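A quick write-up on the structure given underneath.
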Amino acid sequence: MRPILLASSSAIRATLLRNAGLQVSTHPARIDEETVRTALAAEGATPRDLADTLAEMKAERVASRHPEALVLGCDQVLAFQGEAFGKPADAAGLRAQLLALRGQTHQLLSAAVVFEDGRPVWRHVGQARLTMRNFSDDWLEGYLSRNAADVMDSVGGYKLESEGIRLFSQIEGDYFTILGLPLLPLLNWLGLRGSIPA
């Protein structure tokens with residue numbers, strides 16, 4: 001089985017890959033995401049294009065240091081009414097984002113790009129649709145007081161694997177995509193090409 005370099009410090013992505021039986025090491029890719037987001041927004045890029053571009057840039061950064069390796073870059077973008085949301089900057093931004101999404105449906109786009117021999121060889125963007133329930137202001141304040149510190153590193157301001165699941169009335173899509181990694185398409189591709197036993 002060929003080891004994979006994950007161009008990320010994401011504990012949840014690394015755990016998902018290891019739980020699937022893959023050999024993974026994490027190599028955070030340092031890129032200026034805000035500058036990329038601003039430039040792509042000015043060019044009229046879609047949220048899907050943004051997620052794909054950021055995933056590719058992360059994989060490329062690590063692959064430039066490890067050209068012989070199989071490198072996986074990932075990124076997740078929240079799309080709502082044509083706008084791409086990133087991670088909330090602070091508690092006020094988290095509150096405002098959840099209030100904007102309350103009672104509405106948004107999409108989570110999880111992109112994955114694999115580099116081999118210093119070039120992209122596979123890419124996929126998974127999509128899930130999530131509908132938030134019309135929660136009360138009081139419930140939101142309680143949720144924020146209990147969870148804000150833990151969810152600030154999440155693009156949506158929630159984690160489905162914890163109390164964030166209570167924000168939703170309906171979810172359509174793959175659970176792994178919601179967690180930030182289109183795991184099933186990745187495993188299928190790795191198996192078909194012989195990188196993992198299948």
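No value in this document is a laboratory result; all are computed from the given coordinates. Bear in mind the structure is a predicted one, so any value in this text is a computation, not a measurement. All Cβ positions, even for glycine, are placed from backbone atoms using ideal geometry, and neighbour counts span all protein chains on display.
Can you order the peptides 125-131, 167-173 by their average number of other Cβ atoms within 10 Å per residue, highest first?
With the highest mean Cβ count within 10 Å placed first, the list reads 125-131, 167-173.
Which helices of the chain meet both criteria: a Cα extent of 20 Å or more along the helical axis and a mean Kyte-Doolittle score no lower than -1.0, with helices taken as whole DSSP H segments?
Once both thresholds are applied, what remains is 47-65.
Give, in whole angstrom and from largest to smallest, the semi-axes √(5λ) of the equivalent ellipsoid of the range 1-50, with λ running over the eigenvalues of the Cα gyration tensor.
29, 12, 9
Can you tell me the alpha carbon radius of gyration of the range 4-192 divided by the globular rule-of-thumb value 2.2 N^0.38 Å?
1.03
Starting from the range 1-96, pick out the GluC sites (Glu not before Pro) whose DSSP state is loop and whose Cβ has at most 16 other Cβ atoms within 10 Å.
Those that pass, being in a loop and sparsely packed, are 43, 68.
What whole-number volume per residue, in cubic angstrom, does the convex hull of the C-alpha atoms of the range 91-198 give?
Expressed per residue, the convex hull around the Cα atoms of the range 91-198 is 120 Å³.
What order, most packed first, do the peptides 112-120, 86-94, 69-77 have when packing is the mean number of other Cβ atoms within 10 Å of each residue?
69-77, 112-120, 86-94
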